[in-house]
Structure formats: C-alpha cells, structure tokens
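The values are calculated or read from the model by the stated rules, or taken from the named source; none is laboratory data. Because the structure is predicted, anything quoted here is derived from the model rather than measured. Cβ atoms come from the backbone with ideal geometry, glycine included; neighbour counts cover every protein chain shown.
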Amino acid sequence: MASNSQLFFILGIFAIVAPSILATDFIVADDKGWTINVDYQAWAQGKLFYVVFNYPEGVHNVLKVYGTGFQDCAATAGSLELWH
C-alpha cells in the first residue's frame, strides 16, 4: 500500500507543477512586436494563450472599448475597465 500512496503523491505533485513547466511566454508577433501591418491571426494560429499585461501599475490600463472608442483610441461612454 505504501507504494500506491507514494505514486499518488508523485502524481499529485506533477499535476500541480506541470502547468507552469509547460507554459510558454509569447511576445506578440515575435520580433515585430505590437505594431501595424502584422497578420496577428496567422501568428496566433496553433497557440494557446493566457493573456498577461505587463506594465507599471498606475501608468497604463486595459479597457474594453467599442467602435468609435477604438477608432479614436479613447475611452468613451460604455468603456469597461478590465485591468488597472
């Protein structure tokens, strides 16, 4: 029975550690970065993402905007702050 307990313990540790070991950090569009004239759909194809925004707290934020707000690059009525 001790070997079964050890096996379950090892499998439990693996289940906890495996996601971080298998994780990959992607820089958007690789060496091109976040810019215009990049086919982001082609670049993202076949990749699984968990999005993290790295920026100094209080300097930038992440907003969900619609139509005009996107075109004007401005927060408009109805914008939703997703992260600050």
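Just give me the residues in the range 54-83 being loosely packed, with under 10 Cβ neighbours inside 10 Å and in a loop (DSSP other than H, G, I, E, B), in sequence order.
Across the range 54-83, the qualifying residues are Asn54, Pro56, Glu57, Gly58, Val59, Cys73, Ala77.
Can you give me the number of residues within the range 44-78 that are at positive phi and hydroxyl-bearing (Ser, Thr, Tyr)? Working first, answer last.
Our first condition is that a residue be at positive phi; within the range 44-78, this holds for 46, 58, 67, 73, 78.
When the remaining residues are screened for being hydroxyl-bearing (Ser, Thr, Tyr), the result is none.
Matching residues across the range 44-78 total 0.
Cβ contacts < 9 Å: first residue modelled with pLDDT of 85 or more, restricted to the range 17-45; second residue part of a helix (DSSP H, G or I), any location; separation 6+ or different chain. Result?
Here the result reads Val38/Lys32; Trp43/Asp30; Trp43/Lys32, each pair linking the range 17-45 to a residue that is part of a helix (DSSP H, G or I).
Scanning for something aromatic (Phe, Trp, Tyr) and loosely packed, with under 10 Cβ neighbours inside 10 Å, does the range 17-32 turn up at least one residue?
Taking every residue of the range 17-32 in turn, none turns out to be aromatic (Phe, Trp, Tyr) and loosely packed, with under 10 Cβ neighbours inside 10 Å.
Just the residues that are more than 14 Å from the chain's Cα centre (by Cα) and of a type in the set (D, E, K, R), please, taken from the range 38-57.
Asp39, Glu57
Can you find a residue that is more than 17 Å from the chain's Cα centre (by Cα), aromatic (Phe, Trp, Tyr) and in a loop (DSSP other than H, G, I, E, B) anywhere in the range 28-37?
No, that holds for no residue.
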